[in-house]
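Contents: one structure, followed by commentary.
The values are calculated or read from the model by the stated rules, or taken from the named source; none is laboratory data. Given the structure is predicted, the values throughout are model-derived calculations rather than measurements. Cβ: placed from backbone, ideal geometry, glycine included. Neighbour counts: every protein chain shown. Heads up: the accessible areas ignore ligands, DNA and RNA and are worked out on the full protein's heavy atoms, side chains in. Shrake-Rupley method; radii C 1.70, N 1.55, O 1.52, S 1.80 Å.
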Amino acid sequence: MESEDIPRSTKSPQTPTSSDSATSSGGNCRGTYANCGFPGVSPPPTYRQQAIMLAPVPQPQRVILVSPPYDFHVPTKRIHSPEDIKRFHSSESGNNFLGFVAAPSESNGGRKISDTYHQSAAVNSILSILETLVRWVDEIPPAPQSSRYGNVAYRDWHECLLEQSESLMLAFLPDVLKSSVVEIVPYFTDSFGNASRIDFGTGHETNFAAWLYCLARMGIIREEDYQALVARVLVKYLELMRKLQLVYCLEPAGSHGVWGLDDYHFLPFIFGSAQLIDHKHMKPKSVHNEDILENYSLHCIY
């Protein structure tokens, strides 16, 4: 996976925390989530809006691998101001993280979810973890309550997540990388919403991408996994999150992340749009065609 022209880092993966990443989706709740009764919320700070508009379009990059001796750290918040955002955009780790997100998107150009993909042991391990989290939802039913959103049973589900995450990671990490749990577990546990607010948004979704990036930097996820990372792992993650959102009526965190496209998610639009490049039948206006939506729903992310 490495090449001579790719620099190696002697430090552990440095990726943005949930508070560093883009804030979440826009608009009032609608569609299948209307019964949850989500309230309106304030837009993100102006400096974050400006940073999003000025951010360069990420280009695919090969992941910079970490090498021993490893030095893993608990993630901490590093972005507090517009200057910090600019510093992150111009940093090696920031560019490499965005390049990692762009690379699987490029690898899935024109491919369908229903296609056959190579699935490595690492991809299968991640899918098994997500299946476990889906099963927990079935085992922890929503609590009877008068509130139309933010079901408190979600906190029980999230408590299971916090209690079991380290063992879930240790089950597939090689011995030499087991010490990385101190750094990757916080990204993982922050990928599925906030238990205090009982909400979910694009910041949490970004943490999931950051967790995958950490695995890629450690060489657990490789470039040959990228297609399955989108068509299998991302799709399973979205299935889990939609289930959490519906069963526990998670409130959209911020409700401004994709400026009206979706109250919760952003990644499906990145990877899903790549699937539609040069498509013979799908055009932007096709989102209004019910027949096309039904016929392609099992083949396309977006």
ask   = Residues of segment 165-184 being surrounded by fewer than 16 Cβ atoms within 10 Å (Cβ to Cβ) and assigned to a helix (DSSP H, G or I), which ones?
value = Ser167, Leu170, Asp175, Val176, Lys178, Ser179, Val182
query = Among the candidates His256, His265, which residue alone is crowded, with 20+ Cβ neighbours inside 10 Å, under 29 Å from His118 (Cα atoms) and at pLDDT below 80?
reply = His265
message = Can you pull out every residue in segment 185-206 that is assigned to a helix (DSSP H, G or I) and of a type in the set (D, E, K, R)?
response = Glu205
task = Exactly one condition in (1) of a type in the set (S, T, N, Q); (2) farther than 20 Å from Ile301 by Cβ; (3) open to solvent by 10 Å² or more (accessible area, probe 1.4 Å); (4) in a helix (DSSP H, G or I) is not met by Gln227; state its number.
result = (2)
note = Scanning segment 184-236 for residues that are among the β-branched types (Val, Ile, Thr), in contact with a helix residue (DSSP H, G or I) (Cβ under 6 Å, 6 or more places away or on another chain) and over 22 Å from Val63 (Cα atoms), the one modelled with the highest pLDDT turns out to be Thr189
task = Test Tyr302 against the stated conditions and say whether it is under 13 Å from Lys112 (Cα atoms) and modelled with pLDDT of 75 or more.
result = no
Pick from segment 49-67, criterion in a loop (DSSP other than H, G, I, E, B) and open to solvent by 90 Å² or more (accessible area, probe 1.4 Å), ranking: modelled with the highest pLDDT = Gln59
request  = Considering every residue within segment 143-159, establish whether at least one is under 26 Å from His73 (Cα atoms) and either open to solvent by 10 Å² or more (accessible area, probe 1.4 Å) or touching a residue at least 12 places away in the same chain (Cβ under 8 Å) (or both).
outcome  = yes
request  = State whether one or more residues within segment 84-105 are at pLDDT 90 or above, open to solvent by 60 Å² or more (accessible area, probe 1.4 Å) and assigned to a loop (DSSP other than H, G, I, E, B).
outcome  = no
